[in-house]
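Have a look at the structure below before the remarks.
We did not get these values from a lab; they are worked out from the coordinates using the rules stated. On a predicted model such as this, the values are computed, not experimentally measured, just so you know. Note that we place each Cβ from the backbone using ideal geometry, even for glycine, and neighbour counts take in every protein chain shown.
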Amino acid sequence: MIKIIKYFSIIFIISFSIVWLAENPGNVEISWKEYLVQTNLLGVVIVLFILIFTLFITYIFFQKIREIPENFRVSRQEKFLRLGNETLDEMALNLFLGDSESLERNARKIKKYFKNELFTTFMLFNTSLIKNDLDLAKRYLRMLKLIPKAEYISKRATVLIFLKEKKVEEAKELLKEYILDYPNDQWFSERLAIIYSKMNEWAQACESMQHIKIDKNQRLKNMLANLKILSGKNALEALRISNQSYFVIIESIKKYIEDGSIKKGSVLIEKNWIYLNCLQVIKVFMTFNIKGESDSLQRFKLVAKSIKKRGVLSDETKLALAFAAYEARMWGESQGYLDQIRFEEWDKRVLDLYQDISKKSQKINVPSNTHTLKDEPKWFCKICKTKYEDWQFVCKGCDGVGEIIWPKSSENRKISGNLKNVLQNSFRHFPQMK
């Protein structure tokens with residue numbers, strides 16, 4: 001309502017002014033040099049209006065001309081922003097597909113669209129490593145070193161280049177320098193520990209990991225615990241760091257048995273059996289420093305009590321119980337556990353144990369199994385899949401450190417079925433120095 005009144009008032013004033021000027025035009029004379037211009041007040045108003053309007057239009061015209069470069073720049077930025085977002089979407093797909101050539105091409109586009117140096121140079125460095133073009137990777141590394149924000153990235157990249165070139169000594173010296181600059185950095189410390197581990201320098205490998213925080217990283221906890229034992233430390237000290245390492249548990253069981261604390265060894269098995277699910281743990285418990293039949297029987301009772309608490313027994317658990325009963329000279333008990341394993345799940349270990357039992361007791365005969373024996377499970381490397389009869393800390397196939405696992409362990413089941421691992425594997429084409 002107020003706006004209507006305001007507009008009405010403005011229109012009324014303008015209309016009244018025009019009518020008043022029309023009725024009272026007056027006379028206006030302008031003398032300029034020898035010219036005399038005669039008009040009325042309305043004519044002066046019209047001339048002033050035309051003059052002001054012309055000046056306004058001229059101003060707008062030149063303003064638009066002056067804004068052409070800015071408008072072009074804004075338009076170009078909007079275009080590059082749209083194309084850059086589309087390119088980032090393509091790069092996401094390239095990462096999942098492992099298409100290094102498209103990734104490199106799109107990285108160059110991002111550099112053009114966003115004038116970005118750090119991200120694009122880093123991506124180009126990575127794609128160069130993927131293609132094993134070390135000369136090109138070094139060129140991008142030099143560019144990374146010129147970017148202030150890329151100092152940390154360039155240092156990691158330098159280490160990767162040395163490792164790719166098999167310049168282990170150079171990489172080691174560089175890492176020793178970097179862990180002083182970044183004392184809490186896990187990546188530098190782990191890489192140095194890996195290099196020392198490959199050289200069987202366990203004490204130095206252990207020392208390089210002492211100062212970093214690994215509370216939330218189970219893999220690093222396992223690694224440090226293993227290195228503690230390999231470097232000559234007490235197994236129970238390593239056990240306080242990690243109780244999910246096969247090597248640590250085996251050595252801790254041996255230590256408990258040596259100290260006469262057999263029950264503590266069985267408690268350790270109870271806590272970790274569901275994670276390990278490994279016959280070799282029971283073999284160590286039942287055979288290490290055995291002192292006779294009564295000792296075997298006592299250990300069998302402790303083992304049976306420990307691994308039966310988990311409810312449904314796995315085939316590996318049944319085989320472990322059968323082996324423990326065999327060592328305790330309980331032939332019938334051993335046979336009973338073996339008979340609970342379905343024929344189609346038998347492997348050579350089951351058959352061998354059944355044959356050993358039948359040799360001890362004439363009442364026990366090996367059943368006729370028409371099914372083909374399954375492959376005997378073996379330790380394997382997560383990286384190169386090399387198989388081993390016994391656990392190893394360093395893989396001889398790919399030099400991977402701490403990557404060898406038991407196929408029936410919960411760790412392997414987690415690797416096989418975890419969505420997180422699927423996402424990690426989708427980036428497997430990125431160069432990783434294990």
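Of the helices (runs of 4 or more DSSP H) lying entirely inside segment 204-308, those containing at least 2 residues that are touching a Ser or Thr at 6+ places or on another chain (Cβ under 7 Å), farther than 24 Å from Tyr326 by Cα and among the polar types (S, T, N, Q) span 218-230.
Candidates are the residues of segment 249-269 that are of a type in the set (A, V, I, L, M, F, W, C) and over 36 Å from the mean Cα position of the chain (by Cα); the one that is nearest to Lys233 (Cα to Cα) is Ile257. Being out of contact with any Gly (no Cβ under 9 Å at 6 or more places or on another chain), on the phi < 0 side of the Ramachandran plot and of a type in the set (Val, Ile, Thr) is true for just one of Ile130, Ile153. Which residue is that? Exactly one residue qualifies, and that residue is Ile153. Determine whether Gly84 is touching a residue at least 12 places away in the same chain (Cβ under 8 Å), closer than 17 Å to Lys115 by Cα and surrounded by 12 or more Cβ atoms within 10 Å (Cβ to Cβ). For Gly84, the condition - touching a residue at least 12 places away in the same chain (Cβ under 8 Å), closer than 17 Å to Lys115 by Cα and surrounded by 12 or more Cβ atoms within 10 Å (Cβ to Cβ) - is met. When Asn289, Asn277 are checked against the criterion of being in contact (Cβ under 8 Å) with a residue 60 or more places away in the chain and either crowded, with 22+ Cβ neighbours inside 10 Å or over 37 Å from the mean Cα position of the chain (by Cα) (or both), Asn277 stands alone in meeting it. Just to be sure, is Ile229 surrounded by 21 or more Cβ atoms within 10 Å (Cβ to Cβ), in contact with an Asp or Glu (Cβ under 9 Å, 6 or more places away or on another chain) and under 30 Å from Lys138 (Cβ atoms)? So Ile229 fails the test.
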